[in-house]
2 protein chains.
Amino acid sequence: MKLFFQKNDLVSAIQIVGRAVASKTTMSIMECILIDATEGQISLTGNKSEFGIETICPGVIEEAGKIALEAKLFTEIVKRLPQTEGNNLCIETEENGNCIIRCEKSVFKIMGRNAEEFPSLPSVEKQEAITVSQFSLRNMINQTIFSTANGENNKKMAGEYFEIKDNLFSITSLDGHRISIRKTFLKDSYSEQSAIVPKEVLSDLSKIMTGGLEDMVEMYFSGQYLLFHYENTTVVTQLVDGEYFHVKQMLSTDYETKIMVNRKQLLEDIDRARIMARDNDKQPLILKIADDSLSLKIISDLGRMDAEIPVKQEGKDLLIGFNPNFLMDALQNIEEEEVSLYFTIPRSPVFIRDKEENYIYMILPVNFNADQVE
Amino acid sequence: MKLFFQKNDLVSAIQIVGRAVASKTTMSIMECILIDATEGQISLTGNKSEFGIETICPGVIEEAGKIALEAKLFTEIVKRLPQTEGNNLCIETEENGNCIIRCEKSVFKIMGRNAEEFPSLPSVEKQEAITVSQFSLRNMINQTIFSTANGENNKKMAGEYFEIKDNLFSITSLDGHRISIRKTFLKDSYSEQSAIVPKEVLSDLSKIMTGGLEDMVEMYFSGQYLLFHYENTTVVTQLVDGEYFHVKQMLSTDYETKIMVNRKQLLEDIDRARIMARDNDKQPLILKIADDSLSLKIISDLGRMDAEIPVKQEGKDLLIGFNPNFLMDALQNIEEEEVSLYFTIPRSPVFIRDKEENYIYMILPVNFNADQVE
């Protein structure tokens, strides 16, 4: 095998597939990146078994072939090679399995691994392509992924629920304390589809998929796999088995108290309050709503903080406690300048949502001692 | 006590004195910042016993007094208070020792500590003020501090040697493998002074002292202490006892081989070579000088790297090995585009120095096996 690349093309491709390289594994071949130039184009692949990424890298094939290279070493070498224009980064294999990486007067020789050992990506039957902008998918993931759990108790909580119904696409996550939902309308209508997608692949996908509103990504649902395809890159992931939680039953649009508040101001005050919860994140933040004003109070061993924000209030006065971090997470993932919070009673959750329900954040309240309220 | 500040003034002052706050100590008062407004101005002090920092903070004293506040908590609170103009950040003590920190509608109440418990800075007799620009002192520290040792075996190696002789000011550090020296000329001449200054205080000083070439800092040598004074800030440090190493005996200007080489190109190639030493930083980088060319070679379990750089050579050909990290450290701390390296024999150190000897970097070579050279 003898290939020529522009350095920057190869660096980009390595960074993409590097997301799917296992870092600690008993199968050391999974710590490699596969370079395959046997089919008229050059593909790079990382495959950590839960999910895999393949991308086509521009380059010149002087001699076809394939090889697997230890990802960390390969990445470091390519990144540090001289910054040059033109296809003058050469990767060449020797008969003994060694690999020579050369650029100008810098020459590396490292051991290669047999490409046949590298596990190929699962073949996914591409039936219906569901098309969404990279921008929307990336945002929907980022704005919900924080309320997944680690999956120790329930694997489904470590995934996000993708649902397609006609032209509505929604992503839902929940962790037992809160629910996050983001929705978007698609240009076309599709048959009903749903899947629980592991959060790891979504976190990585949202980082490598950098396109805007006009750049599309195709999703293919196929049994136990979901395939994403955009530009030169394909991401294939296994799905979490089983039926997702019945989230609709947990949602409600009834309320007794509604406040409209400046999101940034509320965020800043909650962030201040968290200082007092430094040594004990179970310390509740107590919200008191009365007279078009929201008072925030937190009391801990470190001291106390009080703050007050003007709000537009509808309905009853209320006293209710929350984990300040959960409120922060939701508020940080909304763009609007003003947000609406809907409450019923102190033992019921708050809903933060917009009119069109493009986003719904539900957070359960926490108990607090009466002596913390004076 | 009741004081008013502009938030940004207080944040700056806290960041300066915070460098001298102990983080883990058996004396919890040393984890505090002292606010002292008893003498007509407001001073903040941190004192971690090895060294202390005091700075004057602009503000309004409505009621004189002093208090010590737990530094970490105090810092977090002040940083997160609303960003406002004017002296509307208020710090007020209550009779029970509590402290109220207020800005607009955000109010914190935390416990204060008795200011009398706070250890005062050592009083240093200010005799002769040695004046140097903040820019020069900061650079001289940063460009030598990397070759100090941790001081486990020899406390003097964990310090930097300051020497004043007439109008020449030099800083020297060494760690048993290398020596770094930086010199600068002062505007005035002074009596002879020298001291071994602990590297911790120098590292912190170089970070808080942000002035340029026109901004001066005064140094006062006084027995076991060295005092730095600039603008509103005073830094007092203990010195390391004893006589410093006789560095002059280890220096030499004789050479058998001299090369002049592009510094950036050499740095990049050494950085590449270090990839191969990833799992074993004892792996020597072998330099071969011949025919106006410098060949770099490193061989390890991971593979090998070869590179070649054109140089201007004077004198004999040479084959010599170095720890690549030591070469990197020195070359990174030189500004010149082209550097000169002076060698004698493979068992003798390299000297990297400019004509005026404003900088001298000496690095000992390492042995390598003959089978690594082919």
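A few points about this structure:
- The phi torsions of the range A:341-348, fed into the Karplus equation with coefficients 6.51, -1.76 and 1.60 and a -60° offset, translate into couplings of 10, 10, 10, 10, 10, x, 9, 10 Hz, rounded to whole numbers, with Gly and Pro shown as x.
- B:D292 label point (Cα plus 7 Å toward Cβ) to equivalent points in the other copies: 8.4 nm, shortest first.
- Exposed-site-free run, longest, chain A (rule: trypsin sites (Lys or Arg not before Pro); DSSP loop; at most 10 other C-beta within 10 Å): A:25-281
- Three principal axis lengths of the protein assembly as shown [C-alpha, angstrom, descending]: 88, 82, 38
- Cα gyration tensor shape for the range A:35-85, rounded if a/c is under 1.5, else prolate or oblate: oblate
- Of the whole protein surface, A:E94 contributes about 60 Å² of accessible area at a 1.4 Å probe radius.
- Measuring spread by the Cα atoms of the range A:26-125 yields a radius of gyration and Dmax of 13.7, 46 Å.
- Rounded to the nearest 100, the interface formed by chains A and B buries 2500 square angstrom of accessible surface, both chains summed, with a 1.4 Å probe.
- For the range B:2-117, the dipole from Cβ point charges (+1 on Lys and Arg, -1 on Asp and Glu) about the Cα centre works out to 500 debye, to the nearest 20.
- Accessible area per residue (1.4 Å probe, heavy atoms of protein chains only) ranks B:I352, B:I61 as B:I61, B:I352, with the largest value leading.
- For the range A:67-172, alpha-carbon Rg over 2.2 N^0.38 Å: 1.66
- Helix A:71-80 and the long axis of chain A differ in direction by around 80°, with both axes built from C-alpha atoms.
- Within the range B:251-372, the proportion of Cα pairs with more than 20 Å between them is 37 percent.
- Which of A:L266, A:A290, A:Q238, positive extreme of dipole for the range A:209-293 (C-beta unit charges): A:A290
- In order along the range A:264-276, phi translates into HN-Hα couplings of 5, 5, 5, 4, 4, 5, 5, 4, 4, 4, 5, 4, 6 Hz, rounded to whole numbers, per the Karplus curve 6.51 cos²θ - 1.76 cosθ + 1.60 with θ = phi - 60° and x for Gly and Pro.
- Size descriptor for the range A:195-286, Kirkwood hydrodynamic radius: 18.0 Å (Cα pairs only, one decimal).
- Acute angle (nearest 10 degrees) that the helix B:199-208 long axis makes with the longest principal axis of chain B, alpha-carbon atoms: 70
- Tensor-based shape of the range B:173-215 (alpha-carbon gyration tensor, a/c under 1.5 rounded, otherwise prolate or oblate): oblate
- Length-normalised contact order for chain A - Cα pairs under 8 Å, 6+ apart - percent: 13
- Our summary gives the range B:2-117 a relative contact order of 30 percent, counting only alpha carbon pairs under 8 angstrom and 6 or more residues apart.
- Per residue, the convex hull spanned by the Cα atoms of chain A measures out at 174 cubic angstrom.
- Residues listed by number, the range B:24-64, amide nitrogen under 15 Å from A:R278 label point at 7 Å toward C-beta: B:24-25, B:28-34
- Heavy-atom surface of the range A:272-329, accessible at 1.4 Å and reported per residue (Å²): 41
- Across B:D204, B:D215, A:D292, the residue with the most accessible area heads the list, and the full order at a 1.4 Å probe is A:D292, B:D215, B:D204.
- Solvent exposure of the range A:130-248, expressed per residue, is 43 Å² of accessible area, with all protein chains present and a 1.4 angstrom probe.
- Calculated SAXS-style log₁₀ I(q)/I(0) at q = 0.12, 0.14, 0.22 Å⁻¹ - the range A:119-232, Debye, Cα scatterers: -0.40, -0.56, -1.36
- Fraction of accessible area attributable to carbon and sulfur, the range B:1-150 (%, probe 1.4 Å): 44
- Carbon/sulfur fraction of accessible area - the range B:251-372, other protein chains in place, 1.4 Å, %: 44
- One Cα centroid belongs to the range B:154-225, the other to the range A:185-216; the line between them spans 58 Å.
- Solvent-accessible area lost in complex, 30 Å² minimum, residues of the range A:96-112 relative to chain alone, 1.4 Å: A:K105, A:S106, A:V107, A:F108, A:K109
The values are calculated or read from the model by the stated rules, or taken from the named source; none is laboratory data. Remember, predicted model here, so these are calculated numbers, not experimental data. Every residue, glycine as well, gets a Cβ built from its backbone with ideal geometry; the counts of neighbours run over all protein chains shown. Just the protein is used for accessible areas: all its heavy atoms, side chains included, with ligands, DNA and RNA removed. Shrake-Rupley method; radii C 1.70, N 1.55, O 1.52, S 1.80 Å.
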